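All remarks here apply to the structure that follows.
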Ligand SMILES: N[C@@H](CCC(=O)N[C@@H](CS)C(=O)NCC(=O)O)C(=O)O
């Protein structure tokens with residue numbers, strides 16, 4: 001079965017967390033953001049899929065993964081599905097729950113990163129958020145960035161199987177997502193990250209190891225990898241990177 005990934009064209013966004021899992025699993029997938037025939041045609045196709053009245057379980061937003069007849073949305077949910085199927089999560093229930101718990105914490109972090117440039121919600125342009133964004137980004141960098149980085153550093157340190165992976169002694173999907181969050185933070189807040197990184201050696205080492213995994217390294221070097229830009233989740237506005 002070939003999976004279909006539905007996501008907005010031109011941005012890595014939340015779709016990228018799913019792409020990284022599909023790439024690491026080495027499974028075939030059709031990336032609708034790139035393969036639906038131009039940006040407008042893609043957006044029309046996504047909107048049709050989201051509004052399809054015959055779908056019994058309609059998704060609220062992309063990313064959506066189509067697996068056979070099943071439409072799965074919510075990034076953490078998609079990853080839980082792929083993790084179990086493609087050995088990117090432990091097979092026992094306690095291990096699966098812990099993996100999902102870490103992914104949900106990453107999802108909370110990702111929402112907060114988004115809100116640094118859109119503190120008033122997703123409906124207005126950045127230009128209409130500027131004053132609030134400065135305040136929100138300042139608070140994020142001072143309080144929330146160290147809190148999240150410190151949490152994942154602690155998870156690695158306390159892992160009874162060693163500090164190479166977040167869960168047990170094998171790669172799981174939150175390792176891939178944590179890699180992407182660090183990539184995005186380095187893009188969005190290069191100055192703040194340069195100041196902070198030395199304190200979180202395990203997290204940064206994990207980021208380095210993920211980037212060197214053969215399938216991930218090949219993907220990152222390919223034209224399939226969409227560069228960060230100022231339309232997506234991780235945006236670089238120098239005025240927010242105090
Ligand atoms: N909690 C959801 C959030 C999904 C989400 O916000 N998707 C964005 C693109 S990254 C979107 O298209 N949102 C449209 C909307 O919220 O109306 C997830 O993790 O997948």
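None of the figures in this text is laboratory data; all of them are computed from the coordinates on show. Predicted model, so just to flag it, every value in this text is computed and none were measured. Please note: Cβ atoms are built from the backbone with ideal geometry, for glycine as well, and neighbour counts cover all protein chains shown.
One table, with the values for the structure above:
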| quantity | calculated |
| --- | --- |
| Residue satisfying condition, being more than 25 Å from residue 28 (Cβ to Cβ), in contact with a helix residue (DSSP H, G or I) (Cβ under 8 Å, 6 or more places away or on another chain) and away from the ligand (no atom under 16 Å from the Cβ), within set 172, 196 | 196 |
| Every residue from the stretch 169-205 that is over 23 Å from residue 78 (Cβ atoms) and touching a residue at least 60 places away in the same chain (Cβ under 8 Å) | 188 |
| Filter result (within 15 Å of the ligand (Cβ to nearest atom) and in contact (Cβ under 8 Å) with a residue 12 or more places away in the chain) within the stretch 84-108 | 100, 102, 103, 104, 105, 106, 107 |
| Exclusive hit being under 26 Å from residue 115 (Cα atoms) and within 16 Å of the ligand (Cβ to nearest atom), set 233, 206 | 233 |
| Of all residues making up the stretch 172-219, the number that are surrounded by 17 or more Cβ atoms within 10 Å (Cβ to Cβ) and under 19 Å from residue 11 (Cα atoms) | 15 |
| Residue, surrounded by the most Cβ atoms within 10 Å (Cβ to Cβ), within the stretch 10-47, restricted to residues that are within 11 Å of the ligand (Cβ to nearest atom) and in a loop (DSSP other than H, G, I, E, B) | 12 |
| Residues of the stretch 109-121 satisfying the condition of being in a helix (DSSP H, G or I), more than 9 Å from the ligand (Cβ to nearest atom) and surrounded by fewer than 18 Cβ atoms within 10 Å (Cβ to Cβ) | 112 |
| Hits in the stretch 48-83 - residues which are part of a strand (DSSP E or B) and within 11 Å of the ligand (Cβ to nearest atom) | 64, 65, 72, 73 |
